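Notes follow the structure.
Read-outs throughout are calculated quantities, based only on the coordinates presented, and are distinct from any laboratory measurement. Just so we're clear, the structure is a prediction, and the values are computed from it rather than from any experiment. As a convention, Cβ positions derive from the backbone with ideal geometry for all residues, glycine included, and neighbour counts pool all protein chains shown.
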Amino acid sequence: MDTLDRFAREKLDALALRDLRRTLYETERTDGVWVERGGRRLLSFSCNDYLNLTHHPKVKEAAAAAVARYGAGAGASRLVTGSHPLLGKLERRLAALKGTQTACVFGSGYLANAGIVPALMREGDLVLADALSHACLWAGAKLSDARTLVFRHNDVAHLGELLSEHRGAHRHALVVTDGVFSMDGDLAPLAELAALAEKFDAWLLVDDAHGLGVLGGGAGSVAQSRAAVPLQMGTLSKALGSYGGYLCASAPVIDLIRTRARTLIYSTGLPPASAAAALAALDIVEGEPERCARPLMLARAFTRAADLPLAQSPIVPVIAGAAKDALAAALALEEEGFLAVAIRPPTVTEGTARLRLAFTAAHREEDVARLAELVRARILRR
Ligand SMILES: *Cc1c(COP(=O)(O)O)cnc(C)c1O
């Protein structure tokens, strides 16, 4: 065996021993909530399709019409010929929803953060990140070469201490956080973070991947908090049911991002059909407030019935502890017809492996109640 294959095998074997090896299971999502996996039909509580728009007739029609008219792909970077008019239209809609001057659409949310942070920060600057920030914020911080400090999760006082001690020695400072934490479902204290950032002349970047469409009447967690956040990033791939990422900000900031963000410049533009789907999804978000409110309502019904802390977003963690216990919990629910994927380290910290449940508008109250009963009796053993 050559050294490369041996390296890969040994690495995988070591991970398997710790129940951390991962597998791709082929999954067909047949509508907004049901999936087919291994020949079985399961009710999914693991999709981020909070408003079930991936399969909404108007969203699908918009994408199909755009493919028929403009083709399957963008053909080049947005800086060359890949900036289709639908992307500009989408940027204006996103900026209006978020209350900023303008916006920039990226190929994905991951690409957005991996491009935004290094376009703003460099060596000699300071990035301060909530400990549970999403992987792509860490990637952006790393690519920027700025000094990166971590503040304890949602601990505004700790952030204040770090800013007091270190802000003065750096040219610029950027605070980064998720608005809704992707694996815990709790919310960042955005008003307090914004006030503290302002006090220390630090900029604030909020990743609202899981807030758009489901909090703040659909506008997201920043709107809900009423905080002044100059850098509002998010994705089109969760509640909007499409694909792509975005940053909403002032005109000069977006001009700089368009000029300097390497993940925008050196990556092909978003396919026009993804923008068309997102635009159709925004019509639904803005026109159907009851749909937007329902995922959180169901998550709260679940946490009440399962005797867990009240949900703050459509994401509810059910902590199992060890990786193998999370896998066993997922299997137990699968036997009852539910898909609830186990989340293990390094996605979450050691000892906090969990089921991460995501509630969507199309889930039925009776299924949520049955899931709560199973989780309470079989996993939490209460
Ligand atoms: C999913 C997610 C992203 C990445 O978005 P994609 O469009 O899927 O690349 C970024 N941030 C958070 C918090 C996420 O949950």
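Scanning region 220-276 for residues that are under 17 Å from H84 (Cα atoms) and within 13 Å of the ligand (Cβ to nearest atom) gives L236, S242, Y243, G244, G245, Y246, S267, L270, S274. Of the residues making up region 271-322, those that are over 19 Å from V341 (Cα atoms) and among the small types (G, A, S) are A273, S274, A275, A276, A277, A278, A280, A281, G287, A293, A301, A305.
Any residue at all in region 283-298 that is within 13 Å of the ligand (Cβ to nearest atom) and buried (at least 24 other Cβ atoms within 10 Å of the Cβ)? No: region 283-298 contains no residue that is within 13 Å of the ligand (Cβ to nearest atom) and buried (at least 24 other Cβ atoms within 10 Å of the Cβ).
Kindly evaluate E91 against the criterion of being exposed (fewer than 15 other Cβ atoms within 10 Å of the Cβ) and either part of a strand (DSSP E or B) or in contact (Cβ under 8 Å) with a residue 12 or more places away in the chain (or both). No: the conditions fail for E91.
Just checking, does region 139-162 include any residue being among the small types (G, A, S), touching a residue at least 12 places away in the same chain (Cβ under 8 Å), in contact with a Cys (Cβ under 8 Å, 6 or more places away or on another chain) and not in a strand (DSSP E or B)?
Within region 139-162, the first condition is being among the small types (G, A, S), and the residues that meet it are 139-141, 144, 146, 157, 160.
Those still in the list that are touching a residue at least 12 places away in the same chain (Cβ under 8 Å) too: 139-141, 144, 146, 160.
Next cut, in contact with a Cys (Cβ under 8 Å, 6 or more places away or on another chain) only: none.
The answer is no; no qualifying residue exists.
Restricting attention to region 120-134, the residues being within 16 Å of the ligand (Cβ to nearest atom), in contact (Cβ under 8 Å) with a residue 60 or more places away in the chain and either in contact with a helix residue (DSSP H, G or I) (Cβ under 8 Å, 6 or more places away or on another chain) or part of a helix (DSSP H, G or I) (or both) number 1.
Of the residues that make up region 8-23, is at least one more than 29 Å from M183 (Cβ to Cβ) and assigned to a loop (DSSP other than H, G, I, E, B)? No, there is no match, as no residue in region 8-23 is more than 29 Å from M183 (Cβ to Cβ) and assigned to a loop (DSSP other than H, G, I, E, B). Residues in region 324-346 that are surrounded by fewer than 17 Cβ atoms within 10 Å (Cβ to Cβ) and assigned to a loop (DSSP other than H, G, I, E, B): E336, G337, P345, P346.
So if I check each of R78, R93, R122, R167, which one is within 20 Å of the chain's Cα centre (by Cα) and farther than 27 Å from V348 by Cβ? Lay out the reasoning, then the answer.
Details: R78 fails: within 20 Å of the chain's Cα centre (by Cα); R122 fails: within 20 Å of the chain's Cα centre (by Cα); R167 fails: within 20 Å of the chain's Cα centre (by Cα).
Answer to the check: R93.
Here the condition is being over 24 Å from C136 (Cβ atoms) and touching a helix residue (DSSP H, G or I) at 6+ places or on another chain (Cβ under 9 Å); of R300, R260, R291, it holds for R291 alone. Consider region 39-68 and keep the residues that are within 24 Å of L357 (Cβ to Cβ), surrounded by fewer than 22 Cβ atoms within 10 Å (Cβ to Cβ) and of a type in the set (A, V, I, L, M, F, W, C). The one that is nearest to the ligand (Cβ to nearest atom) is C47.
Cβ-Cβ distances below 6 Å connect no pair with a first residue in region 350-365 that is surrounded by fewer than 24 Cβ atoms within 10 Å (Cβ to Cβ), a second residue that is part of a strand (DSSP E or B) and of a type in the set (F, W, Y), and a separation of six or more residues or different chains. Restricting attention to region 190-217, the residues being away from the ligand (no atom under 13 Å from the Cβ), within 29 Å of D283 (Cα to Cα) and without any contact (Cβ under 8 Å) to a residue 40 or more places away in the chain number 4.
Checking each residue in region 303-317 for being within 16 Å of S221 (Cβ to Cβ), part of a loop (DSSP other than H, G, I, E, B) and of a type outside the set (S, T, Y) picks out A311, Q312, P314.
Can you give me the number of residues within region 171-181 that are part of a loop (DSSP other than H, G, I, E, B) and crowded, with 23+ Cβ neighbours inside 10 Å?
Step one: filter region 171-181 for residues part of a loop (DSSP other than H, G, I, E, B), giving 171-172, 179, 181.
Still in the list and also crowded, with 23+ Cβ neighbours inside 10 Å: 179, 181.
Total meeting the criteria: 2.
Conditions (1) out of contact with any strand residue (DSSP E or B) (no Cβ under 6 Å at 6 or more places or on another chain); (2) more than 30 Å from L196 (Cβ to Cβ); (3) in contact (Cβ under 8 Å) with a residue 12 or more places away in the chain, marked per residue:
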{"site": "A219", "(1), (2), (3)": "yes, no, yes"}
{"site": "A228", "(1), (2), (3)": "yes, no, yes"}
{"site": "C248", "(1), (2), (3)": "no, no, yes"}
{"site": "A261", "(1), (2), (3)": "yes, no, yes"}
{"site": "A273", "(1), (2), (3)": "yes, yes, yes"}
{"site": "S313", "(1), (2), (3)": "no, no, yes"}
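Filtering region 135-151 to residues that are aliphatic (A, V, I, L, M), within 12 Å of the ligand (Cβ to nearest atom) and over 16 Å from V180 (Cβ atoms) leaves only A139.
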